[in-house]
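Some notes on the structure that comes next.
What follows is calculated from the coordinates using simple rules that are stated; it is not laboratory data. Fair warning: this is a prediction, and the values are worked out from it, not measured in the lab. When we count neighbours, we look across all protein chains shown, and the Cβ atoms used for this are built from the backbone with ideal geometry, even at glycine.
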Amino acid sequence: MASVGKILRRTFLIGSAAIVGGVAFGAYYVSRPAANPLKPGEGETALSPFVLIDQQGVTLFAPRAEMGQGVMTTWAALIAEELDVELDQIRVLHGPAAAAYYNSALIGEGLPNKGYDISDFQHNLGEALGVLGRTLSLQVTGGSTSMRDGFERMREAGATARETLKQAAADRLGVDRSQLKTENGAVIAPDGTRIPYTELAEAAGQIEPPEVELRDPTNWRLLGQNLPRVDVVGKSTGTAEFGIDVRPEGLKFASVRINPKLGGEMKGFDASEAEQMPGVEKVVDLGNGVAVIASNTWLAIQAVEAIDVDWGDAPYPPETDAIFAEIAKAFDASPNSTMRDDGDVDTLPEGASEITAEYTVPYLAHATMEPMNATALFTGSALELWCGNQAPTLVQIRAASTANLDKEAVQIHTTYLGGGFGRRGELDFGEIATKVAMAMPGVPVQTTWSREEDMRHDYYRPGAMARMRGAVKDGQAVLIDGKVASQSCTQQAVQRYTGMPGGGPDKVLVEGFFNQPYAVTNYRMSGHIADLDIPVGFWRSVGNSHNGFFHETFMDEMAHAAGRDPLEFRLELAKAEHAPSAGCLQAVKEMSGWTGETPEGVGRGVAMTYSFGTPVAQVIEVIDEDGTTRIAKAWIACDVGLALDPGTVEAQMYGGMIYGLSAAVMGEITFADGEVEQYNFPDYDALRMHNAPVTEVKILETNRHMGGVGEPGTPPSMPALGNALFDLTGERARTLPLINQFNLLI
Amino acid sequence: MATDLKINGKQHQVDLPDDVPLLWVLRDEIGLTGTKFGCGVAACGACTVHIDGEAVRSCQVALSDVWGDVTTIEGVGTPDSMAAIQQAWVDHQVAQCGYCQSGQIMQAAALLAENPAPSDEDIDDAMQGNLCRCGTYPRIRAAIHDAASKLKEA
């Protein structure tokens, strides 16, 4: 496999190409019916393939970041399903940064429709627009899009490869291709002789790939099953390589401190003490911070903390209260978007009673288990960068501009990610590692952030507020008028990634708000952008992470105002709008044995959020134990349309829920003197073994289009818990985290 | 001054200042990267190793204070020869991002060595120092129960 690196540095592959001793296959489907516009020239062979076969074996490329969501396994299974190989006999690699690995589903997600209501035409439009992802170099893992993106293309890549290999065997045997079968990495001749793919690879490289029909799902043998994850043995034996584990020859270790007044300048520093500390090799001036290169990470951390730095002020109000006052001010300006405006919300229907509520949720850190880090080797004319990341092509572009190199001179190695949750879609850790390595050319340097540096230099989930007004009449919701205000992650990210200001209606700010599948006649939902310079970014489920809480807490308040059971109230509204969403509510009703009544000392809450194409309903049960409230049980039902790996879907559903519950119970980033006040896990903890609920997950498959699974489990968890606490105590949770209001077990 | 350490049955001489935590000796000096850095303040358990069989947070044990033989995740079993606890982790498909799992397994192994049939409450008590941001707790619990019953049969 020594040839892989060389092959992968080229650009693009559609169809097949010969390589030394083998063949590489790209995704043919993308270009059909047009001819391959990028046919390799003489001596220019394969480029960024999804399937590579040579004498050493079969390698599949899953160029989506494996951050725990199981994408590597399911992506490989899409190819293996058609290629007829077994996952335990092949190699699965992340592959390099390459335009060919663009995400086609991410842009479709940006269309201004609600998602659940889209027609087949719009669905196809989304898929077609997705090809734009290629031109924008969007090799991004995010938006719960990987399976929607890879579903057609990767089966096509596998099928094309299989039929080409069969053609090579047919030519060799002098029989027709239709007489051959494939099984477990080999073509089977009519007489039962097995010819391994590895023996056919070289000949296959000379054959034009045939047009191929995809197999009927009823014949699938891998997809739809619980497959053993390809990364599970490595992750159970300490042998899986994360960014922080990369150990190139001669490696030095660095740590960093950037201005904790985020975005502020560095006026000066005194490193004289640090320079004398053991193991220290170099102090690096990063402009807005300092780094120390040493012989050991811990020695580097000690030394960098010993540097006396004079920091400039932050470009935002220094205290939390003043920040939220700015957010509240955004309500006074005209909205950035009003993506739902049905009926007439300005007139209260006759005989209806009006209710209002205001909600507030805090800034949140991602707090991945693996602190931010990257390893770089700068030679003067080239750069190698190793890191777990969600956007290798963007990391490559940023690192190239930092090192003043052409993009082609920068090689990105994507390792496993010790948690992503959106944090590793950012480019700062790669940029900082590049700058540090540039101070020591020819030497690989790993720059690891302390936990404190990581927690205090995040792109935070923005703090957000909502003002809700609604009306009920005869036990039914007749009006919802909602406004949400927060900073715009999207506009800020566009600015960060492209250098150009983001503009226009921000759909992400109002996702989970305007597009909820409830039939309410008078329904208007607006988004207001708060103008603040706190770094904000994409936190698992993004806008849905606050809007799910706002919308579904208010639905509960409306149900109670209407004198209705909160589950039945939702079920009635969902039935009339989107059957799969109603199906999820019905499922959690049955799973939990929901009666609307709970015994003394027990509370139950329900919530449902439609996000990333998948409706998820959750029922949470809380128990009072001598004055302390424990989250005892959870029931989750999701409708993903098609569950490619039910075991992985289940894991993402309860994992996403626990991520959300952790934030709901105790997640809070606050500011004082312009600095984040939380340093480490004792100040910003999460649910653990003893306080995570016993959980049951049900996966439904009635949805017309396949939905995402990595994020939709998060949004409904927070309101479901708040609603359960209301059921237990009669106190309504309108502000997160709940630990400030309730005595929860931590 | 060089310090002698026995790690996974193998003798090592380490030339680092006395106050360097065992975690960073293992990772940056010996090259045993299976033990992870999560917080540096004993709040997450990602760096858990055994010293004379006892589960400890290696980020809090200074090199000069290492009082016995060290076992890391690499010493428990290898991909080709996994320990029962690791096999249970594989059978239950516990890992998501996987970063905390070395520490989870080391903590669970110490629990099972002391208590071969832990109750749910025992598991809560023993494992609550080990944080998992992916929320893999349900499968960790199932894997511990499964490993306990397999070890009992063996």
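How would you classify chain A from its alpha-carbon gyration tensor, with a ≥ b ≥ c the square roots of the eigenvalues: rounded for a/c under 1.5, else prolate if a/b is greater than b/c, otherwise oblate?
Because a/c hits 1.5 or more and a/b fails to exceed b/c, chain A counts as oblate.
How much length, in nm to one decimal, is gained on full extension between A:Glu86 and A:Met500, taken as 0.36 nm per residue of separation minus their Cα-Cα distance? Numbers along the way, then the final one.
On the way: separation 414, 0.36 × 414 = 149.04 nm, distance 4.59 nm.
Using 0.36 nm per residue and subtracting the Cα-Cα distance, I get 144.5 nm.
Efficiency by 1/(1 + (r/R0)^6): what FRET value for B:Lys150 and A:Glu350, r their Cβ-Cβ distance, R0 = 51 Å, to the nearest 0.05?
0.15
Going down the table (A:Lys267/A:Lys483; A:Lys235/B:Lys150; A:Lys589/B:Lys152; A:Lys114/A:Lys261; A:Lys114/A:Lys473; A:Lys507/A:Lys633), which pairs top 29 Å between alpha carbons?
A:Lys267/A:Lys483; A:Lys589/B:Lys152; A:Lys114/A:Lys261; A:Lys507/A:Lys633
How big is the convex hull of the Cα atoms of region A:435-488, per residue, in Å³?
With only Cα atoms used, region A:435-488 gives 152 Å³ per residue.
Suppose each label sits 7 Å from its Cα in the direction of the beta carbon; what would the A:Asp624-B:Trp67 distance come out to in nanometres?
Going by the 7 Å Cα→Cβ label model, 4.5 nm.
Taking 0.36 nm per residue of sequence separation and subtracting the Cα-Cα distance, how much length would be gained by fully extending the chain between A:Ser178 and A:Glu305, in nm to one decimal?
Working: separation 127, 0.36 × 127 = 45.72 nm, distance 6.86 nm.
Here the answer is 38.9 nm.
Residue by residue through B:21-29, how many Cβ atoms from other chains fall within 10 Å of the Cβ on average? List each step's numbers first, then the result.
Numbers: counts 2, 0, 2, 7, 2, 0, 8, 14, 2.
Taking the mean over all residues of the peptide, I get 4.
Got a sec? How would A:Asp506, A:Asp346 order by Cβ neighbour count within 10 Å, fewest to most? Spell out each step's value before the answer.
Values: A:Asp506 22, A:Asp346 9.
With the sparsest Cβ surroundings first, the list reads A:Asp346, A:Asp506.
Hey, rough spin-label estimate for A:Ser334 and A:Asp285, points 7 angstrom out along Cα→Cβ, what's it come to in nanometres?
4.8
Order of B:Ile7, A:Ile746, A:Ile432, B:Ile73 from fewest to most other C-beta atoms within 10 Å?
A:Ile746, B:Ile7, A:Ile432, B:Ile73
Which whole number gives the average count of other chain Cβ atoms within 10 Å of the Cβ atoms across peptide B:99-112?
Working: counts 16, 5, 8, 6, 2, 2, 4, 1, 1, 0, 0, 0, 0, 0.
The mean count of partner-chain Cβ atoms within 10 Å per residue comes to 3.
If you project the alpha carbons of region A:145-205 onto the principal axes, what extent comes out on each, in Å, largest first?
Over region A:145-205, Cα extents along the principal axes are 43, 21, 18 Å.
Taking each pair of different alpha-carbon atoms in region B:3-75 once, compute 1/r for the pair, average those values, and report the inverse of that mean as the Kirkwood hydrodynamic radius in Å to one decimal.
Taking every pair of different Cα atoms in region B:3-75, averaging 1/r and inverting gives 11.8 Å.
If you plug each phi of region A:164-171 into the Karplus form 6.51 cos²θ - 1.76 cosθ + 1.60 with θ = phi - 60°, what whole-Hz ³J(HN,Hα) values come out, in order, with x for Gly and Pro?
Taking θ as phi minus 60°, the curve returns 5, 5, 5, 5, 4, 5, 4, 4 Hz for region A:164-171.
Just the projected area, averaged over all directions, of the convex hull on the alpha carbon atoms of region A:198-353: how many nm²?
Its average projected convex-hull area is 24.4 nm².
Using each residue's phi in region B:43-54, evaluate 6.51 cos²θ - 1.76 cosθ + 1.60 at θ = phi - 60° and report the 3J(HN,Hα) Karplus result to the nearest Hz, with x for Gly and Pro.
Per residue, the Karplus-derived 3J(HN,Hα) values read 10, 10, x, 5, 9, 4, 9, 10, 10, 6, x, 8 Hz.
Name the most mobile residue of B:Gln96, B:Gln86, B:Gln104, meaning the one with the largest mean-square fluctuation, in a Gaussian network model of chain B with Cα contacts below 10 Å.
For chain B, modelled as a Gaussian network with Cα springs under 10 Å, the answer is B:Gln96.
Based only on the alpha carbon positions, what is the Kirkwood hydrodynamic radius of region B:77-153, in angstrom?
For region B:77-153, the Kirkwood estimate is 12.3 Å.
Just rank B:Leu16, A:Leu165, A:Leu394, A:Leu214, fewest to most, by other beta-carbon atoms within 10 angstrom.
Fewest-to-most Cβ neighbours within 10 Å comes out as A:Leu214, B:Leu16, A:Leu394, A:Leu165.
Hand me the GluC sites (Glu not before Pro) from region A:268-342 located in a DSSP loop with no more than 16 other Cβ atoms within 10 Å, in residue order please.
A:Glu319
Taking the Cβ-Cβ separation of A:Asn740 and A:Asp313 as r and a Förster radius of 25 Å, what is the calculated FRET efficiency to the nearest 0.05?
E between A:Asn740 and A:Asp313, to the nearest 0.05, is 0.30.
Tell me the relative contact order for chain A as a rounded percent, counting alpha carbon contacts under 8 Å between residues six or more apart.
That works out to 13 percent.
Would you please name the trypsin sites (Lys or Arg not before Pro) within region A:194-286 that are DSSP coil residues with at most 12 other C-beta atoms within 10 Å of their C-beta? Could you put the intermediate results ahead of the total?
On the way: sites: A:Arg194, A:Arg215, A:Arg221, A:Arg229, A:Lys235, A:Lys252, A:Arg257, A:Lys261, A:Lys267, A:Lys282; in loops: A:Arg215, A:Arg221, A:Arg229.
Passing both the DSSP loop test and the Cβ count: A:Arg221.
Have a look at the DSSP beta bridges in chain A and tell me what percent are antiparallel, nearest 5.
Bridges in chain A are about 75 percent antiparallel.
Search the structure for amide H atoms under 5 Å from the amide H of A:Lys698, placed 1.01 Å from N in the peptide plane, and list their residues when 5 or more places away or on another chain.
Amide H neighbours of A:Lys698, under 5 Å, 5+ apart: A:Ile636, A:Ala637, A:Cys638.
Given a Förster radius of 56 Å and the C-beta distance between A:Thr702 and A:Arg247 as r, what FRET efficiency does 1/(1 + (r/R0)^6) yield to the nearest 0.05? The partial results should precede the final answer.
Values: r = 49 Å, r/R0 = 0.87.
Step by step, r from the Cβ atoms, then E = 0.70.
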